[in-house]
Amino acid sequence: SDYVKPLGDLQSFENEWMEVEVLGPRSPLLPAETLTGAIDISGTSPVTDDTGVPAFLCDNIDPSYMQLGSDSDMPLYKNTHLDIDVSNKSDRIEWGHARYQATFRPDQAYEMCIQWAVASGNIVAELIFGWARKAQSCRLQMVPIPADPLALPFTLKSDPLRGPIYVPLNEEPLLRSKVTLFEGFSEDTWLERLFLFQEAIVGRFGFIKCTVESTSHEAGVGDHLYVHVTGNMFILIPTTVKSEQRALRTKPANKPLNASRYPVHPEAAPSPHEGYITRHVSGKNKDDYDNNRRMGFLWSWNHMISKKWKSSLTPATGDEGFQMRMLRDFKHFCANQEQRLSQFWDQCWEMREKARGMQSC
């Protein structure tokens, strides 16, 4: 007699409840029974054995790994109604919406956006601080981030003061006698291996994946964004992802000596943020851009973390001195100062050779 039949009103249900799909860490490798095994950027992805070979040196790379959200049929975000004044302190009606990610992965940051038009600023701030305190009791860290973490100049009227910092990656010491970094591997996997190598670097510095929506998806540019575990910094790995790119990776018959080391889609329309990267890498215009120097990262600060957040019960660890030391250390690593990048590269190859030696025994 207490049973109530479902109303079948999906919209009403979504307006009252947050429904999130929990998934495991996404592996950059294809599942199979006879794999050598590999780990992700920080060892959080499932492994097939204990060899610990970095993903960018494995033979079974998933070709769809660079495509954001390609392994899930769920939309990236869902929407629901939000009660802003949970403590009933306001003398008027206050309401808003919550826009939250439909899937959660333990190795990635989870984003929830608060949108309001009829609400008081102090009540919204009190609501978010209350969430942060409750999150800490669940061993979760909650920090505010801007709607556009990198502030990439997609228009000519973009804020020049918030432009990200370009950090080039010096791959020349890693080439040695090779023509390309991944000579000996299939050329069809060079783009994926290059991306996984850069992802392994940001993982060493405490950055985790942060999947957000971006207007660049329509232009075929994969915005692979990462946030530091302290919440203070963002890194973006600029990549170009096209469905037709695999057909264009075939080496041409008469390739000039100064041609690009890594194939790039020739029909990719130039955008202001690509021009931004161009100016910081080569000091030239897009027309004179040398693609051999495109390897690098975009670094940005989280300006939303105020002194109140740092001094609250759920502080975002790290002060300005810590942030500047992080950027300086990251630049030194990418520039191969003190041979740090070369040592990391050699260690990865040693793990691969050691794993292959164990298999042959």
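What number of residues within region 213-243 are crowded, with 20+ Cβ neighbours inside 10 Å and modelled with pLDDT of 70 or more?
Final tally of qualifying residues: 13.
Looking only at region 159-207, count every residue that is over 14 Å from Trp299 (Cα atoms), touching a helix residue (DSSP H, G or I) at 6+ places or on another chain (Cβ under 7 Å) and part of a loop (DSSP other than H, G, I, E, B) and tell me the total.
4
One residue is enough: does region 88-102 have a residue meeting the conditions within 20 Å of Phe207 (Cβ to Cβ) and at pLDDT 85 or above?
Going residue by residue through region 88-102, those that are within 20 Å of Phe207 (Cβ to Cβ) are 101.
Next cut, at pLDDT 85 or above only: 101.
Yes, some residue in region 88-102 is within 20 Å of Phe207 (Cβ to Cβ) and at pLDDT 85 or above.
In region 161-190, how many residues are touching a residue at least 40 places away in the same chain (Cβ under 8 Å) and among the polar types (S, T, N, Q)?
3
Do we have Phe104 as among the aromatic types (Phe, Trp, Tyr), out of contact with any Gly (no Cβ under 6 Å at 6 or more places or on another chain) and not assigned by TED's automatic domain parsing to the domain that holds Asn302 here?
yes
Which one is surrounded by the fewest Cβ atoms within 10 Å (Cβ to Cβ), of the residues in region 85-133 that are more than 23 Å from the chain's Cα centre (by Cα) and in a strand (DSSP E or B)?
Ala117
The values are calculated or read from the model by the stated rules, or taken from the named source; none is laboratory data. Quick caveat, the model's predicted, so the values are computed rather than measured. Every residue, glycine among them, receives a Cβ derived from its backbone with ideal geometry; neighbour counts consider all protein chains shown.
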